[in-house]
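Heads up: the structure comes next, in structure tokens.
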Amino acid sequence: MQPPKQIFTKLKKIDVEELNQLKKRTDAATLVIIFFIVIILARLWFLQIHYGSKYRELADNNRVRMLDVVAPRGTILDREGRTIITNRPSFNIVWVREDSPDPDEIIKKLSRIFNEEIAVLLKRVREAADNPRHIPIMLKEDIDWKTLVYIENNHYELPGVRIEVLPRRDYLFNDLGSHMIGYLGQINMKELEERKGANYQSGDLLGKRGFEKLYEDELRGEKGIMYMEVDAHGFEQRQLKGKEPLSGNDLQLTIDLDLQLEAEKAMAGRAGAVVAMDVKSGRILAFASAPPVHLEDFVGGISTKNWQALLNNIKRPLVHKTIQGQYPPGSTYKIVTALAGLSKGVIDPKTVFYCSGSMKFGNRRYGCWKEGGHGPVSLYRALAESCDVYFYKVGLKVGVDSLEEYANRMGLGHKTGIDFEYEKSGLIPTAAWKKLAKGVSWQEGETLSIAIGQGFNLVTPLQICQMTSALANGGILYKPFLIEKIIDPEGHVIKEFQSIIDVELIGMEKNFELIRKGLVGAVNDRYGTGKAARLKDITVAGKTGTAQVVTMEKYKEVDEEDVKYKHRDHAWFTSFAPAENPEIAVTVLVEHGGHGGSAAAPVAKKILERYFAKKKKAATENVQDEQASLQ
């Protein structure tokens with residue numbers, strides 16, 4: 001076998017110059033590669049290290065969205081701890097602009113779904129224009145079930161639109177205490193500016209009136225935070241860990257739920273006010289203004305139609321009549337006239353004036369409500385039967401300035417100081433006031449009208465109740481108050497409110513006693529004007545009042561029911577009980593109700609009956625508990 005044949009390759013002679021050229025090219029390419037690698041590494045360093053936290057945050061924002069979680073507002077309780085206002089879940093439609101590729105089309109679709117004007121939705125969008133685009137804009141609150149189902153079933157056609165569940169006020173007794181409780185509304189631009197730094201944003205709810213506004217900071221609570229993972233289209237994928245919201249504090253009122261319910265039931269269909277007060281502390285037990293406003297109309301923003309209906313209502317539901325309604329006090333003012341006469345010494349219990357049914361002064365006759373007259377009248381009978389002629393004569397003897405002095409001492413003509421918004425001061429005139437306000441001098445004939453609560457006199461129902469309370473307790477004017485306690489979510493009392501004495505009238509005890517006796521007669525005597533407030537087992541003291549709105553000469557021959565509503569007299573009744581040891585004062589004003597004895601006194605009676613029925617029941621239960629504990 002022959003060995004394999006060897007193959008030899010002949011190498012050409014190496015060109016050194018060509019080799020050097022190749023090496024230069026290789027080195028240049030290497031440098032270029034290294035240069036780009038350095039640039040890439042530098043860029044990676046800047047992105048991953050130097051700007052890493054910034055881009056990590058941006059990436060997380062694309063993947064994880066941080067949302068505020070609204071805290072449930074604190075509940076509102078009555079004096080016994082019974083819940084009046086609490087919270088319920090509300091389904092709302094919000095829109096995230098950065099998740100919507102075609103915002104105009106989304107707004108058009110939602111307008112059709114909500115059956116609402118596009119302008120209304122655009123207004124809400126404009127109000128949130130300064131907010132970051134990832135913050136949801138509230139477009140519709142408290143939607144119905146049908147709308148909720150439609151949005152859920154078609155959410156892929158509505159990018160950026162989602163349903164948000166928020167706590168919403170639940171009015172357990174419908175419109176009970178509506179003027180007192182108040183309502184919530186979306187925060188506006190001015191309010192946002194005023195509350196900078198307080199963690200409010202567009203779309204948040206804010207107290208607009210009543211306790212909801214006055215105690216906004218206490219009721220609101222602290223927002224929580226929810227982290228939600230979303231996909232590239234903004235659709236939520238899963239919820240991550242967050243911070244739970246902290247509920248707001250609870251408000252415990254001085255209001256007695258039973259008395260408030262009774263007052264509003266008795267005033268149903270009427271216009272006016274009821275105030276019930278604890279005469280020994282100033283606590284308000286009932287605070288009703290009629291007619292009420294429908295609080296649910298304000299949830300999600302009141303419609304133009306409903307707002308206009310409130311403005312046009314002849315019974316003025318938007319006026320909180322307990323503190324904003326200003327009325328002539330009518331014959332309830334005779335308490336002041338009697339007090340001024342006794343204190344100035346121009347009358348005593350035995351002073352008698354003759355009432356023939358009218359009194360001539362100058363070239364005019366001033367009539368008494370009883371056309372046939374009362375005959376000879378003393379202080380007791382004048383108060384019990386509300387004789388106008390008697391108080392005309394007392395008023396002339398003391399003069400308008402003295403009447404103002406004692407009215408002022410009894411709390412009339414100035415604000416009571418109750419911790420509530422928009423309280424009116426009323427007006428008790430003097431001669432100097434008329435000269436300044438009207439530019440003419442005081443006429444003595446005007447004093448006659450003032451003495452029986454007519455003329456320029458204006459008071460609020462709360463002022464009359466405070467005056468009655470001071471009369472009942474012997475001369476102490478307590479500052480009225482409505483809040484008993486503020487309680488945190490754990491049930492701890494963080495603030496408790498106490499009685500405050502505004503004025504203590506010294507040296508008038510005897511005069512107060514004489515007036516109180518006359519008021520007992522007004523309810524319990526045969527010819528008393530307040531008989532309709534009489535109770536079987538409790539001695540009630542009270543004073544009726546009928547305040548003219550316009551002169552009634554044009555209606556002299558017209559039946560009362562044929563008088564135009566706005567021209568009818570206002571009906572007053574103010575009272576306290578038990579007369580021997582007063583506990584509660586009740587004042588009722590029925591706008592255009594006619595006579596105090598027939599329109600207002602029966603309302604007061606129902607409230608007093610409820611108060612003493614509760615007290616009797618509680619006493620019986622206490623006795624039964626004591627007996628059970630001994631067995």
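Quick notes on this one:
- Candidates LYS321, LYS265, LYS280, LYS305: the one that is at negative phi, crowded, with 18+ Cβ neighbours inside 10 Å and either in contact with a strand residue (DSSP E or B) (Cβ under 9 Å, 6 or more places away or on another chain) or in a helix (DSSP H, G or I) (or both) is LYS321.
- Within the stretch 161-191, being on the phi < 0 side of the Ramachandran plot and in a loop (DSSP other than H, G, I, E, B) holds for LEU172, PHE173, ASP175, LEU176, TYR183, ILE187, ASN188.
- Within the stretch 141-160, the residues that satisfy the criterion of being within 31 Å of the chain's Cα centre (by Cα), under 22 Å from ASP68 (Cβ atoms) and in a loop (DSSP other than H, G, I, E, B) are GLU141, ASP142, ILE143.
- Members of the stretch 369-379 found to be closer than 18 Å to GLY330 by Cα and more than 41 Å from the chain's Cα centre (by Cα), listed by number: LYS370, GLU371, LEU379
- Exactly one residue out of VAL400, VAL394, VAL346 is more than 20 Å from HIS592 (Cα to Cα) and surrounded by fewer than 23 Cβ atoms within 10 Å (Cβ to Cβ): that is VAL346.
- Matching residues in the stretch 1-56 - criterion: being modelled with pLDDT of 75 or more and touching a helix residue (DSSP H, G or I) at 6+ places or on another chain (Cβ under 8 Å): none
- Verdict on ALA432 being outside any strand (DSSP E or B) and closer than 30 Å to GLY272 by Cα: no
- Residues in the stretch 283-298 that are among the hydrophobic types (A, V, I, L, M, F, W, C) and either assigned to a strand (DSSP E or B) or without any contact (Cβ under 8 Å) to a residue 24 or more places away in the chain (or both): ILE284, LEU285, ALA286, PHE287, ALA288, ALA290.
- Test: residue in the stretch 330-339 that is within 24 Å of GLY597 (Cβ to Cβ) and not in a helix (DSSP H, G or I): no
- Within the stretch 566-584, being in contact with a Ser or Thr (Cβ under 9 Å, 6 or more places away or on another chain), charged (D, E, K, R) and over 21 Å from ARG610 (Cβ atoms) holds for one residue alone: ASP569.
- The set of residues from the stretch 151-172 being surrounded by fewer than 16 Cβ atoms within 10 Å (Cβ to Cβ) and within 15 Å of PRO292 (Cβ to Cβ) comprises just one member, LEU172.
- Boolean, LYS393 is over 42 Å from the mean Cα position of the chain (by Cα), charged (D, E, K, R) and at pLDDT 95 or above: yes
- Scanning the stretch 348-373 for residues that are out of contact with any Cys (no Cβ under 8 Å at 6 or more places or on another chain), touching a residue at least 60 places away in the same chain (Cβ under 8 Å) and part of a strand (DSSP E or B) turns up PHE361, ARG364, TYR366.
- Test result for HIS414, part of a loop (DSSP other than H, G, I, E, B) and surrounded by fewer than 17 Cβ atoms within 10 Å (Cβ to Cβ): yes
- Candidates LEU379, LEU383, LEU448, LEU427: the one that is assigned by TED's automatic domain parsing to the domain that holds GLY530, buried (at least 19 other Cβ atoms within 10 Å of the Cβ) and under 16 Å from ALA547 (Cβ atoms) is LEU448.
- In the stretch 210-223, the residues that are under 25 Å from ILE137 (Cβ atoms) and in contact (Cβ under 8 Å) with a residue 24 or more places away in the chain: GLU212, LYS213, LEU219, ARG220, GLY221, GLU222, LYS223
- Residue in the stretch 117-140 that is closer than 30 Å to GLN252 by Cα and either touching a residue at least 24 places away in the same chain (Cβ under 8 Å) or over 30 Å from the mean Cα position of the chain (by Cα) (or both) present: no
The values are calculated or read from the model by the stated rules, or taken from the named source; none is laboratory data. As the structure is a prediction and not an experimental result, all values here were calculated from the model. A quick note on method: Cβ atoms are made from the backbone with ideal geometry, for glycine too, and the neighbour counts reach across all protein chains shown.
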